[in-house]
Amino acid sequence: MNRKQITIRIIALALVMCVITGVLSLRLVYLQLVHGEEYAASAQSQTSVRYNIKASRGNILDRDGARMVSNQLSYTVQFNDYEWNRELQNEVILRVCEILDQSGIEHYDSLPLTKIFPLVYTIEDFDTRDGKALQEYVKKKLKLEELPSAAELFTRLCELYEIDTGYDFKEQRCIMGVRYEMERRDFGAYAPFTLATGLDIDTAAHIAQLYQELPGVSIEADSTRRYETTAAAHMLGYVGIIWKEEYAELKDQGYGLNDILGKAGLEKALESYLHGVDGKETLVTDITGQVVERYVSTEPDPGDNCFLTIDLDLQEVAEQALAETIENIRIKGASSRTGAGADAEGGAVVVIDVDTGEILAMASYPTYNLASFNADYKMLNEDPLTPMVNRATSGLYPPGSTFKMVTSVAALEEGIITGNTQIRDLGRYTYWDDYQPRCWIYKDSGRTHGLINVSEALKYSCNYFYYEVGRVMGIDTLVEWASRLGLGKKTGIELGDKAGQIASPETISDWEGGLVLQAAIGQSAHQFTPLQLANYVATIVNGGTRYQPHLLKKVMDYSLSETVEEIEPIVLDQIDLKPETIEAVKKGMRGVVTEDGTASSVFLNYPIEVGGKTGSAQTRSGRSAHGVFVSFAPYDEPEIAVCVVGEHAGSGGSVAPVCVAIYNEYFGLNEIDDPSDLSEGGVVHN
């Protein structure tokens, strides 16, 4: 290419650039000078509002991927400020609530006033979240320093919200409840109000088609929790809409005023994994409030899926066996001569992997149905059997003779006895003149256990043996070993749990020397959870490693394509137990379930070698003793440890069939060809 051609091309390019610049300049002049005022007015008359697009909540699955909690498509009904007609709001509220009521769908209403006569407050303790919110509201909105009577509050709210006197009481109460809820959740331009969630397609369509009659009411697609199992209610927990008080703490983490978050159980404990990141939707409205543009600016990011350590099949078996066993104890007790167990009423069971601290099953009885929890709440809350309490982690029980392994380990490790040391049971322990307790066999029949070693003392649950060992050892050493084995302290499980206490001079103000005898056999002021008891047995039979019990096994992203986190076992303490200590204790626990041990009838001819220990924990006068049974299996190489507690079940042996049902499921004995071979000894077949 010669110089002349290059010059021509440069001139042509310059001319093109001049033309483009001229066109753009003319367009700019046209927009600014000719239509500038028009476009400026249009821009000033438009308003942009950003709303959250709810992210799907992560699923909860068992260890093998069976879904326990998932999501299902549903709808929510919302009030949006940009179309809300304040002159018609009471009428609109009432119309929407009537449609919801006809469909059996509850709407949010935390105003603590009865919805029927007599008109009274529905809470007694005003130091609760709802109580404090009402007091703050009365002071701020009604300008009252003290809470008025329920009737006066009703009258004042009717006046404040200009509720027509032509409405009947039920309608007035409905309107004021929703208006109160709207104010409590700061309904406004940047905070739409969610009236109800979980609408079915028919109810949603009914409300949607009335959009012209219901200004400011919209139906939004959403997801609600779907419970794939009726088991594990106490572990799984439930979700609910965020409260203003919670929002104040969580807003910096991206939460909105209408967000759903975990309120109890693993839904709450695993909130940081399960809760996704909401997307953003922008609505542009003109000066009349009409939406002129709507677009998604940020897509939502769903929460992660949480795999639990729970085996769902084992969990369901444990719950069924616990419920059936307690009912059977109650029936048999009512027809027995002594009546022991006739007042059985609740219980718990925990199954733990001895080598990892993973919880394979954890049941509490009585239980409840998560799918109908909101509708059943009032009934559940008033039930004297407290079905909402997780007895496995929050129930505190005297361990009875299941504590004797602590005394055994302490005495063997401290050199107070060896596995061959024998103590003669004389029936009545006479070391002190003013306190002479008797061994249970002497009390029942006048006989004694004779000359007996530690394994035999565990097998026959000889109190006299442990009276002597406990006295010689002293309470300080006993407390030290109980603590090292994890008793009387929180376990660290994700759900949270109660610490309980070890009987000692620190927990009993009028401590006397003779109380060490009761402490050594598991009576006195010991109070432990079933979870602690299961974990302490696991610690002994695995050789002395005390793991932190846990329920979360791994976390994966919502698409199950990437592992977010694998949960590794956490060692809380490493106790170097002597092999002969472990063998002596295991031998004693093996004896409990064989020959003439205290639980031998339950495990007669059982095909798996297991170890166990019964306990009868005395309760207040007039009530049957609590039944406690702890166990491990297989005997030679333990894999799991189990604790079963039956409130007022009479004895530990009475709840041992729960353990048999669990072993049947865990070891696959329910799948054998001829289950009649296992029909003896209380074995449960499903």
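The values are calculated or read from the model by the stated rules, or taken from the named source; none is laboratory data. Only a predicted model underlies this, so the values are computations on that prediction, with no experimental measurement involved. Neighbour counts are summed over all protein chains in view; Cβ atoms, including those assigned to glycine, are modelled from backbone coordinates with ideal geometry.
Any residue at all in segment 533-545 that is within 30 Å of TYR273 (Cβ to Cβ), modelled with pLDDT of 95 or more and either part of a strand (DSSP E or B) or aromatic (Phe, Trp, Tyr) (or both)?
Yes, there is a match, as at least one residue in segment 533-545 is within 30 Å of TYR273 (Cβ to Cβ), modelled with pLDDT of 95 or more and either part of a strand (DSSP E or B) or aromatic (Phe, Trp, Tyr) (or both).
Right, ARG185: under 26 Å from SER372 (Cα atoms), surrounded by fewer than 20 Cβ atoms within 10 Å (Cβ to Cβ) and either more than 21 Å from the chain's Cα centre (by Cα) or at pLDDT 90 or above (or both) or not?
Spelling it out, it is not the case that ARG185 is under 26 Å from SER372 (Cα atoms), surrounded by fewer than 20 Cβ atoms within 10 Å (Cβ to Cβ) and either more than 21 Å from the chain's Cα centre (by Cα) or at pLDDT 90 or above (or both).
Please go through segment 514-553 and pick out each residue that is among the aromatic types (Phe, Trp, Tyr) and surrounded by fewer than 24 Cβ atoms within 10 Å (Cβ to Cβ).
Across segment 514-553, there are no qualifying residues.
One line per residue, one yes/no per condition, for (1) without any contact (Cβ under 8 Å) to a residue 40 or more places away in the chain; (2) surrounded by fewer than 16 Cβ atoms within 10 Å (Cβ to Cβ); (3) not assigned by TED's automatic domain parsing to the domain that holds THR539:
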residue	(1), (2), (3)
SER336	yes, yes, no
GLY339	no, yes, no
ALA342	no, no, no
GLY347	no, no, no
VAL351	no, no, no
VAL354	no, no, no
GLY357	no, no, no
ALA361	no, no, no
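Answer yes or no: is there a residue in segment 112-121 that is surrounded by 12 or more Cβ atoms within 10 Å (Cβ to Cβ), in a helix (DSSP H, G or I) and not polar (S, T, N, Q).
The answer is no, given that none of the residues of segment 112-121 is surrounded by 12 or more Cβ atoms within 10 Å (Cβ to Cβ), in a helix (DSSP H, G or I) and not polar (S, T, N, Q).
Residues in segment 516-525: is at least one on the phi > 0 side of the Ramachandran plot, in a loop (DSSP other than H, G, I, E, B) and at pLDDT 95 or above?
Checked against the condition, which is being on the phi > 0 side of the Ramachandran plot, in a loop (DSSP other than H, G, I, E, B) and at pLDDT 95 or above, segment 516-525 yields at least one hit.
Among the residues in segment 215-226, are any assigned to a loop (DSSP other than H, G, I, E, B), crowded, with 19+ Cβ neighbours inside 10 Å, in the same structural domain as GLY279 (by TED's automatic domain parsing) and free of Cβ contacts under 8 Å to residues at least 24 places away in the same chain?
No, segment 215-226 contains no residue that is assigned to a loop (DSSP other than H, G, I, E, B), crowded, with 19+ Cβ neighbours inside 10 Å, in the same structural domain as GLY279 (by TED's automatic domain parsing) and free of Cβ contacts under 8 Å to residues at least 24 places away in the same chain.
For segment 175-221, which residues satisfy the criterion of being closer than 23 Å to THR282 by Cβ and of a type in the set (Ser, Thr, Tyr)?
TYR190, THR194, TYR211, SER218, listed by residue number.
Under the condition of being within 19 Å of GLY58 (Cα to Cα) and among the acidic types (Asp, Glu), which residue from segment 227-263 is surrounded by the most Cβ atoms within 10 Å (Cβ to Cβ)?
Per the criteria, the residue is ASP259.
Which condition does ILE201 not pass, out of (1) of a type in the set (A, V, I, L, M, F, W, C); (2) touching a residue at least 40 places away in the same chain (Cβ under 8 Å); (3) within 21 Å of GLU183 (Cα to Cα), if it passes all the others?
(3)
Could you check, for segment 604-621, whether at least one of its residues is under 20 Å from THR418 (Cα atoms), modelled with pLDDT of 95 or more and in contact with an Asp or Glu (Cβ under 8 Å, 6 or more places away or on another chain)?
no
Just checking, does segment 287-306 include any residue being surrounded by 14 or more Cβ atoms within 10 Å (Cβ to Cβ), at pLDDT 95 or above, in contact with a strand residue (DSSP E or B) (Cβ under 8 Å, 6 or more places away or on another chain) and not in a loop (DSSP other than H, G, I, E, B)?
Yes, the conditions are met somewhere in segment 287-306.
Is at least one residue of segment 159-179 farther than 29 Å from GLY240 by Cα, in contact (Cβ under 8 Å) with a residue 12 or more places away in the chain, surrounded by 14 or more Cβ atoms within 10 Å (Cβ to Cβ) and among the charged types (D, E, K, R)?
Scanning segment 159-179 turns up no residue that is farther than 29 Å from GLY240 by Cα, in contact (Cβ under 8 Å) with a residue 12 or more places away in the chain, surrounded by 14 or more Cβ atoms within 10 Å (Cβ to Cβ) and among the charged types (D, E, K, R).
Of GLU87, GLU152, GLU124, GLU145, which residue is part of a helix (DSSP H, G or I) and surrounded by fewer than 18 Cβ atoms within 10 Å (Cβ to Cβ)?
Testing whether each residue is part of a helix (DSSP H, G or I) and surrounded by fewer than 18 Cβ atoms within 10 Å (Cβ to Cβ) leaves just GLU152.
For segment 479-492, what are the residues that are in contact with a His (Cβ under 9 Å, 6 or more places away or on another chain), closer than 22 Å to GLY615 by Cβ and surrounded by fewer than 22 Cβ atoms within 10 Å (Cβ to Cβ)?
Within segment 479-492, just GLY488 meets the criteria.
With the structure loaded, tell me whether GLU580 is farther than 23 Å from TYR464 by Cα, among the charged types (D, E, K, R) and at pLDDT 95 or above or whether it fails that test.
no
Does THR598 count as of a type in the set (S, T, N, Q), in contact with a Lys or Arg (Cβ under 8 Å, 6 or more places away or on another chain) and surrounded by fewer than 16 Cβ atoms within 10 Å (Cβ to Cβ)?
For THR598, the condition - of a type in the set (S, T, N, Q), in contact with a Lys or Arg (Cβ under 8 Å, 6 or more places away or on another chain) and surrounded by fewer than 16 Cβ atoms within 10 Å (Cβ to Cβ) - is not met.
Any residue in segment 379-390 that is among the acidic types (Asp, Glu), assigned to a helix (DSSP H, G or I), more than 24 Å from ALA656 (Cβ to Cβ) and at pLDDT below 95?
Yes, because at least one residue in segment 379-390 is among the acidic types (Asp, Glu), assigned to a helix (DSSP H, G or I), more than 24 Å from ALA656 (Cβ to Cβ) and at pLDDT below 95.
I'd like the residue in segment 90-108 that is exposed (fewer than 13 other Cβ atoms within 10 Å of the Cβ) and not charged (D, E, K, R) and, out of all such residues, is nearest to ASP168 (Cα to Cα).
Once the filter is applied, the top-ranked residue is GLN102.
Take the residues of segment 610-625 that are of a type outside the set (Ser, Thr, Tyr) and in contact with a helix residue (DSSP H, G or I) (Cβ under 7 Å, 6 or more places away or on another chain): which is surrounded by the most Cβ atoms within 10 Å (Cβ to Cβ)?
LYS613
Among the residues of segment 458-478, is there at least one that is polar (S, T, N, Q), surrounded by fewer than 24 Cβ atoms within 10 Å (Cβ to Cβ) and not assigned by TED's automatic domain parsing to the domain that holds GLY262?
There is at least one residue in segment 458-478 that is polar (S, T, N, Q), surrounded by fewer than 24 Cβ atoms within 10 Å (Cβ to Cβ) and not assigned by TED's automatic domain parsing to the domain that holds GLY262.
For segment 552-599, which fully contained strands (runs of 3 or more DSSP E) count at least 1 residues that are of a type in the set (Asp, Glu)?
Fully inside segment 552-599 and qualifying: 563-566, 571-574.
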